[in-house]
1. Answer yes or no: is there a residue in region 125-135 that is at pLDDT below 90 and part of a loop (DSSP other than H, G, I, E, B).
2. Would a scan of region 196-205 turn up a residue that is surrounded by 17 or more Cβ atoms within 10 Å (Cβ to Cβ), modelled with pLDDT under 85 and assigned to a helix (DSSP H, G or I)?
3. Tally the residues that are farther than 22 Å from residue 191 by Cβ and assigned to a helix (DSSP H, G or I), restricting the search to region 69-86.
4. In contact with a helix residue (DSSP H, G or I) (Cβ under 6 Å, 6 or more places away or on another chain) and either among the aliphatic types (A, V, I, L, M) or in contact (Cβ under 8 Å) with a residue 40 or more places away in the chain (or both): which single residue out of 57, 52 fits that description?
5. Write out, first by first residue and then by second, each pair whose Cβ atoms fall under 8 Å of each other, whose residues are 6+ apart or on separate chains, and whose first residue, in region 70-90, is more than 16 Å from residue 196 (Cα to Cα) and in contact (Cβ under 8 Å) with a residue 40 or more places away in the chain while the second is part of a helix (DSSP H, G or I) and basic (Lys, Arg).
6. When residue 74 is evaluated against the numbered criteria (1) surrounded by fewer than 19 Cβ atoms within 10 Å (Cβ to Cβ); (2) within 30 Å of residue 161 (Cβ to Cβ), which criterion, by number, is the only one it fails?
7. Being under 20 Å from residue 248 (Cα atoms) and at pLDDT 90 or above, is that true of even one residue in region 148-160?
8. How about region 207-231: which of its residues are over 12 Å from residue 176 (Cβ atoms) and outside any helix (DSSP H, G or I)?
Amino acid sequence: MISSFIIKNSNIVKPLLNNIGVGVSLSIFQILLCSSHYNELFINKDIILNNFLITTFTYGYDRFRDALSYEASKEKENYSIEKQTLYNAILKNEKFFQIYYNIIFFMSYIILSNHNLKEFTIPLFSTIFYKDLKEMLPFFKPIYISIMWILAGLILPIIWNDGYYDIIKYKDEIISNFLLFYTMTNLLDINDYKEDLYNKIYTIPVLLGINSSLILNNLILFISSILIIDNLNNFNIILLLTNWSFYFPIFLKILKENNQEK
């Protein structure tokens, strides 16, 4: 029954699976970041549920708006096959996803409010305007995303669990992990270089070029890794290895594609 449902509703399932993938990534990093902070395994089911709601809305709604831009585009061949497939799936069920993301947003808002964390609804609300932000200030995009990941993966869960704001005193911990997320975000921008160039979104890779951006990114990754190693524990090691397992396959893919085009 499940397989037949997926086949019949593949246009809905594909975007939902995409959102789940981001939710899994955030949950993995959240567990590692918080476990590293406490130096013991930290898993909270309510926080993980909220992670999925946050990523489903923030990532999913951004893809929804990207799909609308794709629909209006006259040169769809500039989009990757993967993006075209995703956007077409969203557009075929536009009304469904519009209602779906509104429901997810309000569910997350209610959960945060019930845990006396209303202040975190402000960054959640700001993600509605993320597409406008990346078009007006594209070089700020990786900074904004890294801030969101640090808030959702470290600061929010620790405050949720402890009930106070002492986490903001751990500046080295916040900065090192912020830089870690920054490198990953910037790497994904390098991967989207052609699409951003076509859409005139002047991200750092578009401004600096692919090679210069890769050098800068690897330098920042090295600095963040050194900062994390300086406060080493078992969970920090796993955190670094997990980040590198995400980072280097994409890095090598970009290098290969860039060399083929020369």
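The values are calculated or read from the model by the stated rules, or taken from the named source; none is laboratory data. Quick caveat: nothing in here was measured; it's all calculated off a predicted structure. Ideal geometry is used to build each Cβ from the backbone, glycine not excepted, and the neighbour counts take in all protein chains shown.
1. Scanning region 125-135 turns up no residue that is at pLDDT below 90 and part of a loop (DSSP other than H, G, I, E, B).
2. Residues of region 196-205 that are surrounded by 17 or more Cβ atoms within 10 Å (Cβ to Cβ), as a first pass: 196, 199, 201, 203-205.
Filter once more, so that each one left must be modelled with pLDDT under 85: 196, 199, 201.
Going one step further and asking which of them are assigned to a helix (DSSP H, G or I), we end up with 196.
Among the residues of region 196-205, at least one is surrounded by 17 or more Cβ atoms within 10 Å (Cβ to Cβ), modelled with pLDDT under 85 and assigned to a helix (DSSP H, G or I), which makes the answer yes.
3. Start the filter on region 69-86 by keeping residues that are farther than 22 Å from residue 191 by Cβ, which leaves 71-72, 74.
Filter once more, keeping what is assigned to a helix (DSSP H, G or I): 71-72.
Qualifying residue count, region 69-86: 2.
4. Answer to the check: 57.
5. Listed pairs, sorted by first residue: 85/14; 86/14; 86/63; 89/14; 90/63.
6. All conditions pass for residue 74, except number (2).
7. Yes: region 148-160 contains one or more residues that are under 20 Å from residue 248 (Cα atoms) and at pLDDT 90 or above.
8. Hit for region 207-231 is 209, nothing else.
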